[in-house]
1. With a point put 7 Å past each Cα toward its Cβ, work out how far residue 163 is from residue 125 in nm, to one decimal.
2. Taking neighbour Cβ counts within 10 Å as the exposure measure, how do 247, 234 sort from fewest upward?
3. Which ordering of 126, 136 is given by a fewest-first count of other beta-carbon atoms within 10 Å?
4. Going by average Cβ density within 10 Å per residue, which order do the peptides 178-188, 81-91, 138-148 take, highest to lowest?
5. Measuring from the lowest to the highest alpha carbon on each principal axis, how far does the stretch 109-215 reach, largest first, in angstroms?
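Computed from the coordinates by the stated procedures, all read-outs in this text should not be read as laboratory data. Predicted model, so just to flag it, every value in this text is computed and none were measured. Counting neighbours? That spans all protein chains shown, and the Cβs are built from the backbone with ideal geometry, glycine included.
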C-alpha cells in the first residue's frame, strides 16, 4: 500500500511538471508568419517575397517526399505566385519613353535563390531531379514576371500615374468564378481565364507561339492578382487551375481540371494548415507524453 502511494505521488509530481511545461509552451509568443527575404545584400540581388509558415508547410507536404510534377509543381507554383503577388503587381517609375526597348527580364532566378535560401532555414528540402536541373525553374518550369514586363490589355490597365496595375472587369470577375476548388469550380475558373488571353499578336513582330506564351502569362498574372486580393480564399483553386494550365497531360487548347476523385493535393489555406500544425506539433516535441498520460490514467482510475 505504501509503495503504491509513493508511486502515485511520483506520478502526480510528473504530471504537475509536464502541465507546467505545457502551459509555458502554449503561452509562448506567436512568431510572425512572414520571414525576411533572402538574399538581402542589395535591392538588385534580392527578390521581395512574402514567405509564410503556411508556404513552408504546404511545399514540404506536396514536394518533400518525392518530386512528382502533377502533385508537387502546382502547389509549389501557387505558393510562389502568392509570395510574389504584391511585388508582381506594382508598377515601377517609368525609366524610358522608348516603346521599342526590350522587356525587362523576369524575377525567376533571383526569386528562386530567395526561396531556396528561406526553405533551407526552415529545413524544407525539395528533391532535385538531377545535378543540372533544379526543381523550381527546370523541373516545374515556374517563371515569375512583373506586370510591367507583360502586355495584357484584356486583363490590366498599366497606365502611368498608378502605383499598381488596375484590373479590368474580366479580372475582377475571377473573384466570383474562382471561389470553389472542386472540379466544377476549377472548370468555371478556367473558363473565366479565357477572357484574359491576348487577342492576336501583342506586337506586330511576334510569332503565334510568342502570343500564346504571353496569353498564358496574362492568365497567370490574373491568378496572381487573385492571390494578392485574398490568398486564403483563392489559393486552393489557383493550385487546381495551375495544374490544368501548366501540368496537364492534355494539349494546351484542351486544358482540363483534375476530377475530384483523383484526390490531387491543393495548396491549403492558412487556417487549415495552422489547425493541422497545432494538433501535431505538441506531440512532435514531446513524443512520450501519450505514454505518461496513459500511466497516470491507469494508476488514478483503475
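1. The answer from the label model is 4.2 nm.
2. Values: 247 19, 234 26.
Placing the least packed residue first, the sequence is 247, 234.
3. Exposure proxy ranking, most exposed first: 126, 136.
4. 81-91, 138-148, 178-188
5. Rounded to whole Å, the extents work out to 42, 38, 32 Å.
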